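The structure appears right after this line, and notes come after that.
The values are calculated or read from the model by the stated rules, or taken from the named source; none is laboratory data. Please read all numbers here as calculations on a predicted model, not as lab measurements. Here the Cβ positions follow ideal geometry from the backbone for every residue, glycine too, while neighbour counts run over all protein chains shown. For accessibility, only protein heavy atoms count, side chains too; no ligands or nucleic acids. Shrake-Rupley method; radii C 1.70, N 1.55, O 1.52, S 1.80 Å.
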Protein chains: 2
Amino acid sequence: MKAILKEDLAQCHQRIKDHIHRTPILSSSLLNEIVGASIYFKCENFQRMGAFKMRGAAHAISNLSEEQKSKGVVTHSSGNFAQALSLAARSLDVKAYIVMPDTAPQVKKEAVKGYGGNIIECESTIVAREVAAEKIVNEVGATFIHPSNDLDVILGQGTAAVELLQDHPDLDFLFTPVGGGGLIAGCALAAHFYGNNCKTIGGEPLACDDAYRSLKSGTIETNDSTLTIADGLKTQLGNVNFPIIQTYVDRIIRVEESEIVEAMRLIWERMKIIVEPSSAVAFAALLKEKSSFKNKKVGIIISGGNVDLGKLPF
Amino acid sequence: MKAILKEDLAQCHQRIKDHIHRTPILSSSLLNEIVGASIYFKCENFQRMGAFKMRGAAHAISNLSEEQKSKGVVTHSSGNFAQALSLAARSLDVKAYIVMPDTAPQVKKEAVKGYGGNIIECESTIVAREVAAEKIVNEVGATFIHPSNDLDVILGQGTAAVELLQDHPDLDFLFTPVGGGGLIAGCALAAHFYGNNCKTIGGEPLACDDAYRSLKSGTIETNDSTLTIADGLKTQLGNVNFPIIQTYVDRIIRVEESEIVEAMRLIWERMKIIVEPSSAVAFAALLKEKSSFKNKKVGIIISGGNVDLGKLPF
């Protein structure tokens, strides 16, 4: 693999910046007090379609040839990347085919349709999703874009951290949730190139701790079960993002389901913003080991805010 | 009554600005599309203690003499003003006595205690609240500060609209919820002095439409029942704010309970911010008569974000 340079991130940011919002960075004196650190929340819940995934989707599509664009794009996603690819594709006048598990929240299915995506439902297993996506590639010639294991996508997601570090270059730590690995890989690259000795730490549900175990074992591990409220974090790492994570991520902190709900409730009640459970995992990780981060400057990527209000854990 | 001048609002803003946040103004292209107007939400849910009432409380206390401050302040409130007076009093080293209905949401009672307020519980009627507050005035000599029918409080609340109009001086309309009348009176003054022919419109629950009826009859009307989800809007107008409302408010639009919940859901889902039902009433009023506001620039005061997450209407 060709070495990734700071310039790759900078070019990516330049390329997508008309397709994304530069999201606000919020702080809360109450949450700072609880943790004993200065926390900067990069609010990708305010991103277009409500999650950071818009960044990677826009970057991946904008790098396709005209020939590829004419045949459309396809992906499988448990939700946010589905919306992101649909919206980015519509912005670029490209057709998007979205393979979604039939268990995905209704609000996410409706959003995909609203953004013009064509949904193909399948069973909620990784194998079923891959089979359904491959069928579309073969039948219509669409380009498959993986939600997390694609270098263009990884670089796109990293621009959330690029923006955070442009405004706060002296962060000591950067926390992100870990699902398929695209966000944390991209953000770890950004912390490496744009930070000043800024360490990247992942938050992961104990119930789906494949990334934690992968870093320990040195090979990509899978999850036997995916029973977590953090429905964006059920997927596993891939061969493109794993080496980046191995090189640039400091460590992963695992959190219980109750800790995720508690962190989510704190953010909702104190900051008055809506974040999805997957987003709360990074803050839950900081809360869990707060004594290690006393008086530090900590960035947290709030990954998204797409929740089904009919199914809240409160 | 002495005439109120633009300078009164300007001085008030100057006086309280170190005690409050200058809250962000947010827009949503999706909500603009739904309404067909350009909407600017002044997000007082991000204000200190989560509501605009911090403004009026800070102004009222800062105008007391040292002698008065030494004996404390007392108020009765269904929630947000209780928290506001507690926090403002603590900032100014003054003791706060808070008379609250025993039916107030638990999250609001806990917040008052967290801000150092001393709670005195009473029955959920206006008479019971007034009796309990008067007892404190007589016993400890505390100064009574009314949540909405006090000119210092009214001017303080108006600074939310001052800030909105400083950033967007060309608003055609300004919407606020109507409860006790402090917010809408202050904001209507701000629209008059800082706007350019900007009309102020109130949103009020049909179930507690005392202000609507008061404007029609020319005298302060009361509510026979207060069965609305908008728990901050159950109170009635007062003799200080009513003349201001009569002079400067264009009209009041009444909304059904289901319209309040629908407006609240739209804001939560689309803007990813937490607003309380009372806040959603102003947006519900705009939604209800959206055809009258086509292509207009509309400001909306999002009054607060203090909700009990255990009791959501979704």
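Between residues in the range B:286-301 that are within 20 Å of residue B:165 (Cβ to Cβ) and residues that are open to solvent by 60 Å² or more (accessible area, probe 1.4 Å) and outside any strand (DSSP E or B), which pairs lie under 8 Å by C-beta distance while being six or more apart or on different chains?
Short answer, once both residue conditions are applied: B:297/B:170.
So which residues in the range A:218-270 are farther than 23 Å from residue A:124 by Cβ, without any contact (Cβ under 8 Å) to a residue 60 or more places away in the chain and within 14 Å of chain B (Cβ to nearest Cβ), if there are any at all?
A:262, A:263, A:265, A:268, A:269
Out of A:85, A:30, I need the residue that is open to solvent by less than 10 Å² (accessible area, probe 1.4 Å) and either of a type outside the set (Gly, Ala, Ser) or at negative phi (or both). Which one?
Answer to the check: A:85.
Any idea how many residues of the range A:290-314 are away from chain B (no Cβ under 12 Å), assigned to a loop (DSSP other than H, G, I, E, B) and surrounded by fewer than 14 Cβ atoms within 10 Å (Cβ to Cβ)?
Counting residues in the range A:290-314 that are away from chain B (no Cβ under 12 Å), assigned to a loop (DSSP other than H, G, I, E, B) and surrounded by fewer than 14 Cβ atoms within 10 Å (Cβ to Cβ) gives 2.
Provide a single number: the residues in the range A:60-88 that are over 14 Å from the mean Cα position of the chain (by Cα) and either of a type outside the set (A, V, I, L, M) or part of a helix (DSSP H, G or I) (or both).
17
Could you list all residues from the range B:251-282 that are over 15 Å from residue B:39 (Cβ atoms) and more than 18 Å from the chain's Cα centre (by Cα)?
Across the range B:251-282, the qualifying residues are B:256, B:257, B:258, B:259, B:261, B:262, B:265, B:268, B:269, B:272.
Look through the range A:271-289, keep the residues that are among the charged types (D, E, K, R) and more than 14 Å from every other protein chain (Cβ to nearest Cβ), and return whichever of them is least open to solvent (accessible area, probe 1.4 Å).
Per the criteria, the residue is A:289.
So residue B:42 ticks every box in (1) part of a helix (DSSP H, G or I); (2) within 14 Å of chain A (Cβ to nearest Cβ); (3) not aromatic (Phe, Trp, Tyr) but one. Which box is left unticked?
(1)
Identify all residues within the range B:65-82 that are open to solvent by 10 Å² or more (accessible area, probe 1.4 Å) and modelled with pLDDT of 95 or more; write none if there are none. I'd like the intermediate steps shown before the answer.
To start, the set of residues in the range B:65-82 that are open to solvent by 10 Å² or more (accessible area, probe 1.4 Å) comprises B:65-71, B:76, B:78, B:80.
Those that are open to solvent by 10 Å² or more (accessible area, probe 1.4 Å) and modelled with pLDDT of 95 or more: B:65, B:66, B:67, B:68, B:69, B:70, B:71.
If you go through the range A:11-19 one residue at a time, do you hit one that is assigned to a loop (DSSP other than H, G, I, E, B), surrounded by 15 or more Cβ atoms within 10 Å (Cβ to Cβ) and within 13 Å of chain B (Cβ to nearest Cβ)? Walk me through how you get there before you give the answer.
Of all residues in the range A:11-19, those assigned to a loop (DSSP other than H, G, I, E, B) come to A:17-19.
With the extra rule that they be surrounded by 15 or more Cβ atoms within 10 Å (Cβ to Cβ), the set shrinks to A:19.
Among the residues that remain, those that are also within 13 Å of chain B (Cβ to nearest Cβ) are: none.
Checked the range A:11-19: no residue is assigned to a loop (DSSP other than H, G, I, E, B), surrounded by 15 or more Cβ atoms within 10 Å (Cβ to Cβ) and within 13 Å of chain B (Cβ to nearest Cβ).
Against the definition (assigned to a helix (DSSP H, G or I) and either touching a Gly at 6+ places or on another chain (Cβ under 7 Å) or more than 28 Å from residue B:123 (Cβ to Cβ) (or both)), how does residue B:207 come out, yes or no?
Details: assigned to a helix (DSSP H, G or I): yes; either touching a Gly at 6+ places or on another chain (Cβ under 7 Å) or more than 28 Å from residue B:123 (Cβ to Cβ) (or both): no.
Judged against the criteria, residue B:207 is not a match.
Between residues in the range B:12-30 that are of a type outside the set (Phe, Trp, Tyr) and residues that are open to solvent by 90 Å² or more (accessible area, probe 1.4 Å), which pairs lie under 7 Å by C-beta distance while being six or more apart or on different chains?
Between residues of the range B:12-30 that are of a type outside the set (Phe, Trp, Tyr) and residues that are open to solvent by 90 Å² or more (accessible area, probe 1.4 Å), the close pairs are B:28/B:270; B:30/B:270.
Collect the residues in the range A:49-62 that are open to solvent by 10 Å² or more (accessible area, probe 1.4 Å) and either small (Gly, Ala, Ser) or modelled with pLDDT under 95 (or both), keeping them in residue-number order.
A:49, A:62
With respect to residue B:53, is the statement that it is of a type in the set (Lys, Arg), under 30 Å from residue B:270 (Cα atoms) and in contact (Cβ under 8 Å) with a residue 60 or more places away in the chain true?
yes
Look at residue B:252 and say whether it is part of a helix (DSSP H, G or I) and in the same structural domain as residue B:178 (by TED's automatic domain parsing).
Judged against the criteria, residue B:252 is not a match.
Inside the range B:94-194, counting only strands (runs of 3 or more DSSP E) that do not spill past its ends, which hold 3 or more residues that are open to solvent by 10 Å² or more (accessible area, probe 1.4 Å)? Outline the logic, then answer.
On the way: elements: B:96-101, B:118-122, B:173-177.
Once the strands (runs of 3 or more DSSP E) in the range B:94-194 are filtered for at least 3 residues that are open to solvent by 10 Å² or more (accessible area, probe 1.4 Å), what remains is B:118-122.
Could you list all residues from the range B:210-246 that are crowded, with 20+ Cβ neighbours inside 10 Å and of a type in the set (D, E, K, R)?
B:210, B:231, B:234
Exactly one condition in (1) within 14 Å of chain A (Cβ to nearest Cβ); (2) in a loop (DSSP other than H, G, I, E, B); (3) over 15 Å from the mean Cα position of the chain (by Cα) is false for residue B:23; which is it?
Evaluating residue B:23 over (1) within 14 Å of chain A (Cβ to nearest Cβ); (2) in a loop (DSSP other than H, G, I, E, B); (3) over 15 Å from the mean Cα position of the chain (by Cα) leaves (3) as the failure.
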